[in-house]
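**Student:** One structure, as structure tokens, below. Some questions next.
The values are calculated or read from the model by the stated rules, or taken from the named source; none is laboratory data. Bear in mind the structure is a predicted one, so any value in this text is a computation, not a measurement. Cβ placement follows ideal geometry from the backbone for every residue including glycine, while neighbour counts extend to all protein chains displayed.
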Amino acid sequence: MRIDIPDDKKLVHEAIIPLRWGDMDAFGHINNTLYFRYMEQGRIHWIESFGFGIQHSEGGALIANAFCNFYTQVSYPGDLIVKTYIGKVGRTSVDVYNLMSVASNPNELCAAGGTTLVWVNFKTKRPAPWPEPFQKHLGLA
């Protein structure tokens, strides 16, 4: 089952992630599980670009779901371009998408995926509105 990446999304960050020899599996290509790490790193780079850490005194962004579509095999050596986009932004959540390609062939997607991040108050363990510093970067302020 392939999950479609919506056309209505906004590019918010781009990261270059070096592929490592150890990322390959016995079949000689990057193991599918690693793409979730690459998407995570793209999200972390984006959040760190706000100028503060990934956690905030009021809580943190947790993953409600995640998916990845695989298009072409990738092998070491190389660099992965991970473009991070945001889609639907809600009071307590945001849809984040990552489009990935190899730097030597940036116009061909090798994988694309996404997550829904939910801001959670760690004290109440319940979804909560995005804190003010995040609102600006999500287009809410």
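**Student:** Pull out all pairs, ordered by first then second residue, where Cβ-Cβ is under 6 Å, the residues are six or more apart or on different chains, the first lies in region 67-80 and is in contact (Cβ under 8 Å) with a residue 12 or more places away in the chain and charged (D, E, K, R), and the second is surrounded by fewer than 15 Cβ atoms within 10 Å (Cβ to Cβ) and part of a loop (DSSP other than H, G, I, E, B).
**Tutor:** Listed pairs, sorted by first residue: Asp79/Ala103.
**Student:** Of the residues Ala112, Ala103, which is surrounded by 14 or more Cβ atoms within 10 Å (Cβ to Cβ), closer than 18 Å to Gln41 by Cβ and touching a Leu at 6+ places or on another chain (Cβ under 8 Å)? Spell out how you get there, then give the answer.
**Tutor:** Details: Ala103 fails: surrounded by 14 or more Cβ atoms within 10 Å (Cβ to Cβ).
The conditions single out Ala112.
**Student:** Still on this structure, please answer the following. For Pro131, indicate whether it is touching an Asp or Glu at 6+ places or on another chain (Cβ under 8 Å), over 29 Å from Met1 (Cβ atoms) and of a type outside the set (Lys, Arg).
**Tutor:** Numbers: touching an Asp or Glu at 6+ places or on another chain (Cβ under 8 Å): yes; over 29 Å from Met1 (Cβ atoms): yes; of a type outside the set (Lys, Arg): yes.
It is true that Pro131 is touching an Asp or Glu at 6+ places or on another chain (Cβ under 8 Å), over 29 Å from Met1 (Cβ atoms) and of a type outside the set (Lys, Arg).
**Student:** Tell me which residues, restricted to region 81-96, are in contact (Cβ under 8 Å) with a residue 60 or more places away in the chain and touching a helix residue (DSSP H, G or I) at 6+ places or on another chain (Cβ under 9 Å).
**Tutor:** The answer is Val82, Lys83, Thr84, Ile86.
**Student:** Separate question: Val96 versus (1) surrounded by 20 or more Cβ atoms within 10 Å (Cβ to Cβ); (2) closer than 20 Å to Glu14 by Cα; (3) modelled with pLDDT under 95; (4) not aromatic (Phe, Trp, Tyr): which is the lone unmet condition?
**Tutor:** Condition not satisfied by Val96: (3).
**Student:** Looking at region 29-39, can you tell me whether even one residue there is among the aliphatic types (A, V, I, L, M), out of contact with any Leu (no Cβ under 6 Å at 6 or more places or on another chain) and under 16 Å from Leu138 (Cα atoms)? Spell out how you get there, then give the answer.
**Tutor:** Filtering region 29-39 for residues among the aliphatic types (A, V, I, L, M) gives 30, 34, 39.
Still in the list and also out of contact with any Leu (no Cβ under 6 Å at 6 or more places or on another chain): 30, 34, 39.
Next cut, under 16 Å from Leu138 (Cα atoms) only: none.
Looking through region 29-39, none of the residues is among the aliphatic types (A, V, I, L, M), out of contact with any Leu (no Cβ under 6 Å at 6 or more places or on another chain) and under 16 Å from Leu138 (Cα atoms).
**Student:** Across region 9-25, what is the total count of residues that are modelled with pLDDT of 95 or more and assigned to a loop (DSSP other than H, G, I, E, B)?
**Tutor:** Counting residues in region 9-25 that are modelled with pLDDT of 95 or more and assigned to a loop (DSSP other than H, G, I, E, B) gives 3.
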